[in-house]
Structure formats: structure tokens, C-alpha cells
Amino acid sequence: MPTFTPTHLGKWESLFTDLVDGDRYQRSVDRFREQGVVLPTFAQLAADAGVEALLVGDSLGNVIQGQTSTIPVTLEEMVYHTAAVARGNARAERQALIMTDLPFMTYGDIATGVASARAVMQAGAHMVKVEGDDWLVPLVESLARQGVPVCAHLGLTPQAVNKMGGYRVQGREEEKADAMVAHSIALAEAGADIILLECVPSPLAKRITEAVNVPVVGIGAGSDTDAQVLVCYDMLGLNTQHIPKFVKNYMTDGRTVPEAIKSYADEVRDGSFPAPEHGFDA
């Protein structure tokens with residue numbers, strides 16, 4: 001696998017002054033230099049293939065770092081990977097929107113969330129993504145007032161996997177489904193620009209899509225949402241662990257990586273992906 005090794009990490013030091021101590025920052029820099037990633041290349045290929053938005057997800061903990069969850073991923077790491085994606089995106093003929101996850105425990109109160117959003121936005125993100133329900137309303141309102149676009153992630157929220165008891169479909173019970181609809185509406189009204197639904201029954205995703213006045217992105221949420229998202233490594237058949245039901249490998253039939261990404265984008269646009277077998281019943 002080709003790798004990218006950054007050469008300008010030092011410029012981030014001033015950004016982290018009020019977020020981390022010097023020793024912790026240096027350990028992060030050393031680890032990043034050792035890793036090397038292909039994110040700029042993937043970003044450019046995806047944007048040139050017609051993908052409208054690039055999500056720098058904390059799932060990088062799983063697919064790049066070898067973690068068993070997203071919980072160990074730090075803000076410093078998200079800033080680093082966002083900057084890498086932004087550099088690749090800048091090389092594309094048609095640049096995509098960059099959305100970055102705020103990682104575990106970096107937005108539990110407004111002040112912390114605002115500082116975290118500032119860090120990833122200054123690294124090159126155009127939008128931040130946060131996981132939760134209506135408890136996020138004050139943070140979303142504050143970020144919106146300050147000009148930060150927000151994506152609110154509901155349903156299966158991987159940062160809360162220990163509270164949820166595992167990676168399970170959410171919203172199958174009527175009471176929980178009704179609550180998810182209400183939370184989605186509340187977050188959209190608070191200023192969220194996008195709602196993202198993960199692993200929810202297809203009928204519920206359709207209901208939420210019709211209930212809110214902002215775009216809804218789905219992953220494992222059926223075909224009735226306004227857009228779809230897949231982890232790049234899953235799409236390219238690079239997942240050696242459990243393969244979720246909603247994943248499709250586009251590296252079949254002798255496709256190259258650019259061809260695979262374009263096939264994914266084309267199938268989302270023409271409605272052939274996701275197919276019924278990629279969704280969940282109520």
C-alpha cells in the first residue's frame with residue numbers, strides 16, 4: 001500500500017497549545033511520523049470520481065490504527081488526518097466538502113466542543129460531525145451561531161458502543177423510533193445542517209428524512225435517505241474483520257481504485273445502491 005509521510009507537522013504546534021501539553025503533543029507527532037497514511041491520495045481520487053463529501057471519520061481508529069473501537073482516537077489524530085485529507089482534496093479538479101468527526105469525549109460541554117471544532121476546522125474541515133441526540137442541541141446552537149456547519153449523527157453511535165451493549169441496529173422499538181424522529185427534528189431546528197443515520201431500520205430512516213428540512217445521510221439506513229456514506233476501506237474490500245450487512249465491495253470485476261469509487265458514486269446516484277439486502281427491517 002502506498003503511504004504518505006507528512007513533512008510539515010511542526011506548524012500545528014501553536015494550534016495545540018491550549019488543547020494538549022507539550023509532551024503529549026510530541027508523542028502524537030512521533031506516532032504520526034511512524035504511521036504514514038494514504039489519505040491524501042484517497043481524498044483526491046474520491047473527489048475526482050465525483051464524491052461530493054469526504055468524511056474524516058474516527059473509524060480511522062479501526063481501519064488505520066487497528067483499534068477495536070473509535071474510543072481511543074484523539075483530537076490530535078483527527079486534526080492530523082483532516083489536514084492530510086484537505087491537502088489531497090486541494091489537488092482534485094473538483095473539490096469535495098470535508099466533514100470531520102469530533103472524537104470521543106471532546107464535545108461534552110459547549111466550551112470543549114467549540115475548542116474541538118476550531119481545531120479541526122482550522123486543519124481544513126468544512127463541517128464537524130457529532131454523535132448523540134437532543135442533549136447536543138445547546139452545542140449545535142452555539143456552533144451554528146459561530147458559523148460552524150454541523151452534522152448530527154444518530155442511531156448507532158459508535159462512541160457510545162459500551163453504553164449500547166454492542167454494535168446493534170437502533171430504533172426498532174416504537175418508543176425509541178419516535179424518540180429518534182423527535183431528536184432529529186430538534187437537532188435540525190437547532191441548526192444542524194445534516195442528519196446522519198447509522199444502522200436504523202429503513203422505514204424509520206425514510207420517516208426521519210421526510211420529517212426534517214435538512215439532508216439526511218444514511219449508512220445501513222436504506223435507500224430513502226438523501227445521500228449515502230461508506231467507509232473507504234470497506235468499499236475497496238480492505239476490511240479483514242467483520243463485514244457489516246450494509247457494505248458492498250466495489251473492487252470486484254477487475255476494477256481499479258478510481259473505477260471502484262466512481263462505481264459507488266454512480267450507483268448511489270442512480271439508486272441501485274443501497275439495495276434492499278443492505279438495509280434493516282423494523
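Here are some notes:
- Whole-Hz couplings from phi, Karplus 6.51/-1.76/1.60, listed for the range 171-188; x for Gly and Pro: x, 7, 7, 4, 4, 6, 5, 4, 5, 5, 4, 4, 5, 5, 4, 4, 5, 5
- Karplus-based coupling profile of the range 115-131, in residue order and whole Hz: 4, 5, 4, 4, 4, 6, 5, 5, 7, x, 6, 9, 7, 10, 10, 10, 9, with θ = phi - 60° in 6.51 cos²θ - 1.76 cosθ + 1.60 and x standing for Gly or Pro.
- Virtual spin-label span in nm between Glu173 and Ala115, 7 Å along Cα→Cβ: 3.7 nm
- Counting only DSSP beta bridges whose two residues both lie in the chain, roughly 5 percent are antiparallel.
- Tail fraction, Cα-Cα pairs, the chain, threshold 33 Å, whole percent: 18 percent
- Taking amide H as placed 1.01 Å from N in the peptide plane, Met99 has its amide H under 5 Å from the amide H of Leu54, Leu55, Val56, His126, each at least 5 places away in sequence or on another chain.
- For Ser263, Ser184, Ser69, order by how many other beta-carbon atoms lie within 10 Å, fewest first: Ser69, Ser263, Ser184
- The H on the amide N of Arg91, modeled in the peptide plane, is under 5 Å from the matching H of no residue at least 5 residues off or on a different chain.
- Net charge, Ala53 excluded, C-beta distance under 15 Å - Lys, Arg +1, Asp, Glu -1: -2
- Across all C-alpha atoms in the range 154-282, the radius of gyration and Dmax reach 15.1, 46 Å.
- Average projection, convex hull of the Cα set of the range 151-228: 4.6 square nanometres.
- In this simple spin-label model, placing a label point 7 Å from the Cα along the Cα-to-Cβ direction at both Asn249 and Ala182 gives a separation of 4.4 nm.
- Around Tyr233: net Lys/Arg minus Asp/Glu count, Cβ-Cβ under 15 Å: -1
- Fluctuation leader among Asp253, Asp109, Asp234 - the chain, Gaussian network, Cα springs under 10 angstrom: Asp253
- For a label point 7 Å along the Cα-to-beta-carbon line of Arg269, residues of the range 44-75 with backbone N under 11 Å: 49-52
- Long-range amide H partners of Leu196 with built H, under 5 Å: Ala152, His153, Leu154, Val217
- Per-residue Karplus couplings for the range 258-267, computed as 6.51 cos²θ - 1.76 cosθ + 1.60 with θ equal to phi - 60°, are listed in order as x, 5, 5, 5, 5, 4, 4, 4, 5, 5 Hz, Gly and Pro entered as x.
Every number in this text was worked out from the coordinates using simple rules, so none of it is lab data. Since we're looking at a predicted model, the values are computed, not measured. With ideal geometry, Cβ positions are generated from the backbone for all residues, glycine too; neighbour counts draw on all protein chains shown.
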